[in-house]
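> Sending over a structure as structure tokens; questions will come in a sec.
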Amino acid sequence: MIFKKDNFLFGTLLGLFAPGIGFLLYKFVKFKEFSLKDMFQYLKENPNLISVFISVSLLANAVLFTLYINSRKDQTAKGIFMITLVYALVAMAFKYF
């Protein structure tokens, strides 16, 4: 099963892909009337929303991180956490620069 792996690289890959899934879920819940192309155009016109999308997308990483910490898979959790920090820095850069 996927939750039994304890590998830093695996955690890094999970941390990279989970926010994409979180982004899509948020898009389909909050902005369901937009197509994906229209959504990216809307984000281009409203760059302040990019940090909101990134922050909400990172909730997917928070869920994974919690699951792996609770199951004592620390190496995988470290990979997820490292990528979460990178995403958070990007979100802050969009917000403040």
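> Which number in (1) in a helix (DSSP H, G or I); (2) without any contact (Cβ under 8 Å) to a residue 12 or more places away in the chain marks the one condition that E33 misses?
(1)
> Can I ask one more? Given the condition of a type in the set (F, W, Y), without any contact (Cβ under 8 Å) to a residue 24 or more places away in the chain and closer than 30 Å to D6 by Cβ, answer yes or no: does some residue in segment 38-58 qualify?
no
> How many of the residues in segment 73-85 are touching a residue at least 24 places away in the same chain (Cβ under 8 Å) and farther than 15 Å from L9 by Cα?
Selection size over segment 73-85: 0.
> May I pose another question? Here is a list: L14, L9. Which entry is at pLDDT 90 or above, surrounded by 14 or more Cβ atoms within 10 Å (Cβ to Cβ) and farther than 21 Å from K95 by Cα?
L14
> Residue by residue through segment 63-97, note down the ones that are of a type in the set (D, E, K, R) and either surrounded by fewer than 13 Cβ atoms within 10 Å (Cβ to Cβ) or part of a helix (DSSP H, G or I) (or both).
Within segment 63-97, R72, D74, K78, K95 meet the criteria.
> Pick from segment 17-57 the residues that are over 19 Å from the mean Cα position of the chain (by Cα) and aromatic (F, W, Y): which of them is nearest to A91 (Cα to Cα)?
Ranking the qualifying residues of segment 17-57, first place goes to Y42.
> Of all the residues that make up segment 54-72, how many are hydroxyl-bearing (S, T, Y) and within 14 Å of G11 (Cα to Cα)?
Going through segment 54-72 one residue at a time, the tally reaches 3.
> Quick check on my filter: what residues within segment 43-62 are surrounded by fewer than 13 Cβ atoms within 10 Å (Cβ to Cβ) and in contact with a helix residue (DSSP H, G or I) (Cβ under 8 Å, 6 or more places away or on another chain)?
Selection gives P47, N48.
> Further, regarding this structure: State all residues of segment 1-30 that are hydrophobic (A, V, I, L, M, F, W, C) and not in a helix (DSSP H, G or I); if no residue qualifies, say none.
Matches in segment 1-30: M1 only.
The values are calculated or read from the model by the stated rules, or taken from the named source; none is laboratory data. Nothing here was measured: the structure is a model prediction, and the numbers come from that model. Glycine gets a Cβ as well: all are built from the backbone with ideal geometry, and neighbour counts include every protein chain shown.
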